[in-house]
Amino acid sequence: APSIGCEARFSDRVLANRFLYHMRDPRRGEIIVFTTPPAARIKCGAGGTFVKRLVGLPGETVQVRLRNGNGYVFINGRPLREPYVQKRRRASSQAFGPYKVKPGTYFMMGDNRSQSCDSRMWGTVPRANLIGKVFATYWPPNRISLH
């Protein structure tokens, strides 16, 4: 089962393009299916396959700064525009970083920032762990969507 606050459910089903990253590099803002680093099992009590949003690219510096108790992501010192994160899901965030993303790895975060166990806790995801870009949710019916 997902962690508290996660919008997904254990039975959610997504479709991911497994071939895309053989043709091009992953892009910031994409929702990606990936195999977690071993630290995720220790820090989150869960591991295996996660679905998160790519926030930081190799070589970038990621930081979460607090403004009125809400967390905002900064990349290389500049605020990241994130229309996909609802204001209420920024609340109760903790400051993080700055953290320099190592070459060949990616910084992943859940959109429910205050509840997500993500790269802030277990580090970056190696390129080899990326399975594919999510392009659709097809189950349950009330969550059907294209991404």
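The values are calculated or read from the model by the stated rules, or taken from the named source; none is laboratory data. Here the structure is a predicted model, which is why all the values come from computation and not from measurement. Note that each Cβ is placed from the backbone with ideal geometry, even for glycine, and that neighbours are counted across all protein chains shown. Accessible surface areas use protein heavy atoms only, side chains included; no ligands, DNA or RNA. Shrake-Rupley method; radii C 1.70, N 1.55, O 1.52, S 1.80 Å.
Contact annotation: no residue pair with Cβ atoms under 6 Å, 6 or more positions apart or on different chains, pairs a residue in region 107-118 that is on the phi > 0 side of the Ramachandran plot with a partner that is open to solvent by less than 10 Å² (accessible area, probe 1.4 Å) and assigned to a strand (DSSP E or B). A search for C-beta distances below 6 Å between a residue of region 126-146 that is under 19 Å from Val101 (Cβ atoms) and any residue that is among the charged types (D, E, K, R) and at pLDDT 90 or above, counting only pairs 6+ apart in sequence or on different chains, returns Lys133/Glu30. Tell me whether region 9-19 contains one or more residues that are over 16 Å from the mean Cα position of the chain (by Cα) and part of a helix (DSSP H, G or I). No; the residues of region 9-19 include none that is over 16 Å from the mean Cα position of the chain (by Cα) and part of a helix (DSSP H, G or I).
The residue of region 57-70 that is least open to solvent (accessible area, probe 1.4 Å), among those that are over 12 Å from Gly97 (Cα atoms) and modelled with pLDDT under 95, is Asn70. Across region 82-92, the number of residues qualifying as open to solvent by 50 Å² or more (accessible area, probe 1.4 Å) and either outside any loop (DSSP other than H, G, I, E, B) or at pLDDT 95 or above (or both) comes to 2.
In summary, Ser116 fulfils each of the numbered conditions (1) open to solvent by less than 50 Å² (accessible area, probe 1.4 Å); (2) closer than 22 Å to Arg18 by Cα; (3) among the small types (Gly, Ala, Ser) with the single exception of condition (2). Looking only at residues in region 95-111 that are under 19 Å from Val33 (Cβ atoms) and surrounded by fewer than 20 Cβ atoms within 10 Å (Cβ to Cβ), the one that is modelled with the highest pLDDT is Gly104.
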